[in-house]
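Q: Have a look at this one before I ask anything.
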Amino acid sequence: MLSKIDNRMVRVVRDSIPLSEVLSFGGLPLPVWGSTVPECGLVVVDGSSLPMVGVTVIRRRVSSNVPGLRVPIRCLTYGANAGGANSTRDAQINPEQNKSTPNNELGQYDIAIVGGGMVGMAFASSHSNLYCSKHIRVWLVDSSLTLKGLMNGTDDHPPDPRVSTVTPATISFFKDVGAWEYVLRQRHAFFDKMQVWDYTGLGYTKYCAKDVGRDILGCVVENKVLHKALFSSLEDAEFHKTIHPSRLTSMDVQSKKSTKEVYQPCCSVKLDLSDGNTIYSKLVVGADGARSRVRDLAGLKTTGWSYKQNAVICTVEHAVENYCAWQRFLPNGPIALLPIGDKFSNIVWTMSPNESTERTSMSENDFVKAVNHALNDGYGPHPSSSFLGYCPGDSSWEVPPKAVKLVSDRMAFPLSLSHAKDYASDHVVLIGDAAHSVHPLAGQGVNLGFGDALTLAKVIADGIGVGAELGELSVLKNYEAERKPANTMMAAILDGFQKAYSVDLGPLNVLRAVGFHMAHHISPLKKSIISYATGEQNGLSLVKIKVANTPN
């Protein structure tokens, strides 16, 4: 059937679909062009169904009488119940709902996210603010253990020792995707100042939000709260998504083909799962952590090294509320005291593997004494050198609040640096720790991952806007070009700090003290450091999301 509207031609392959359904199929407008038909082109709607889900393939073809005009083919999929009022709102979580073929093929998706941690959830949630989101089918896979934790919600007590310091740029992202309101209802702690000093008594500086015209430097939140907030945001997002509790076992990039079992309208990746299921996706996003299975299967190489250090993390309680972030550099590594609210603080203590074994096995009372010793005058004196511009009794330096009780388990994990040489290959891309992992001394790891997620979502939307195929390498390389320099710079800075404090030598101690002095007294340098710490110069705050709005 051919119909003519305002000198524009529309072809409906299946006669039973009225023209009104073509312009707004299943209650959803056609992608990119909204409720209009493109000039000088044909829109072909194929009403055939795929196994288990009804899929509509929409293609735009330019009329041969328009010389020099090249418009690529678009392939976008919709769920079988796309016309329902809530069809794109509720995430499917039970994989049994998707099994309908003998070989358990779950169908074709546009984006498959492997890894449902904070960064994977952030990338999935970021589509809620993109104008093309309602036309993208997103599939996310992670272990049932991770998903079970999300479904169980968050408890007020005891505080979880795994926390993140989120920057103002990350907070803005959470607000954009509707996740920050959930965080505000849970335990969290904003801080507006940070004190940093070393064990020699020579190096000291303090950063204040007011120095750069801000109200806060950051907010410390338990990871389980951030994770649940993003999950809740994803549940409420109005696009088609499926969450599948399983693990990736193998992956194969395949060329375009059509068989009786599955129709692949574009080049896609076949993913086999540990539960025997298989899906196809045009783009695979590896958000599965430092030991990324996606990265290994895609053959993306990394460079890096072990620091031969462990980080011991736990939660302690104070007699008073803590509103400041504290960090002291010790001979074997830094110790940080981070407020998390309700008179609790998080400890991140870097040390040698042997020392971490000792610290995690000692009694709770002895560990609390060791923490207070490390954060006060243990290992060396308080900052007091008049040579560096401050003198004994300087009121700007403060003693951190004492810990009175250990309220969580002590956890230890090894520290290393890792960076993928390439973030992307054909139809495969890495984000978060799968692409890079850094030393935790500045708490920037997860913020870099959120920057990856947001940038990738923007690049994908821009690519769709100009007709690029999902998973096209040139588009993915645009994401890599934006994120790799920022991630490399942060990794280099943190690696430099780690190496600078791995040697206890008199002349080097003086040089470090001079660096602290410069950071404390040279205003432009201090502002630059704060801008990195708050996310202004790591790329996240530079990303602008297009608000969900289909063009008219």
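Q: List, in order, the whole-Hz ³J(HN,Hα) value for each residue of the range 449-455 obtained from phi through the Karplus relation with A = 6.51, B = -1.76, C = 1.60 and θ = phi - 60°; use x for Gly and Pro.
A: So the Karplus estimates, Gly and Pro as x, are x, 5, x, 4, 4, 5, 5 Hz.
Q: Moving to a separate point now. Need the full-extension length gain, Leu184 to Ser474, defined as separation in residues times 0.36 nm minus the C-alpha distance. One decimal, nm.
A: 100.5 nm
Q: With labels modelled as points extended 7 Å from the Cα through the Cβ direction, what inter-label distance (nm, one decimal) is found for Glu235 paired with Arg291?
A: 3.0 nm
Q: Please report how far the C-alpha centroid of the range 152-228 lies from that of the range 405-456, rounded to the nearest whole angstrom.
A: Value for the Cα centre distance between the two parts: 17 Å.
Q: Sticking with this structure for a sec: Would you mind checking which residues have amide H under 5 Å from Val407's amide H? H placed 1.01 Å from N; only 5 or more apart, or other chain.
A: Excluding prolines and chain starts, which carry no amide H, the hits are Thr315, Val316, Glu317.
Q: Sticking with this structure for a sec: Roughly what would the spin-label model give for Arg247 and Arg162, points 7 Å off Cα along C-beta, in nm?
A: Once both label points are built, they end up 1.5 nm from each other.
Q: In nm, what is the difference between 0.36 nm times the number of residues separating Phe413 and Asp426 and their Cα-Cα distance?
A: On the way: separation 13, 0.36 × 13 = 4.68 nm, distance 3.35 nm.
That works out to 1.3 nm of additional length.
Q: Residue by residue through the range 280-292, which ³J(HN,Hα) values in whole Hz follow from phi under the Karplus form 6.51 cos²θ - 1.76 cosθ + 1.60 (θ = phi - 60°), with glycine and proline marked x?
A: For the range 280-292, the Karplus curve yields 10, 9, 6, 9, 10, 10, x, 10, 9, x, 5, 9, 4 Hz.
Q: Starting from 0.36 nm per residue, how many nanometres of slack lie between Ile216 and Lys499 once their C-alpha separation is accounted for?
A: Going from the current span to full extension adds 98.9 nm.
Q: Testing the spin-label approximation: label points 7 Å from Cα along Cα→Cβ at Asp275 and Lys301. State their distance in nm.
A: Result: 3.7 nm between the two label points.
Q: Take the cross-link list Lys228/Lys484; Lys343/Lys402; Lys458/Lys484 and give me the ones stretching past 20 Å between alpha-carbons.
A: Details: Lys228/Lys484 28 Å; Lys343/Lys402 11 Å; Lys458/Lys484 16 Å.
Result: Lys228/Lys484 exceed 20 Å.
Read-outs: derived from the displayed coordinates by stated rules, not from any lab. Values in this document were obtained by computation on a predicted structure and should not be read as measured data. Glycine gets a Cβ as well: all are built from the backbone with ideal geometry, and neighbour counts include every protein chain shown.
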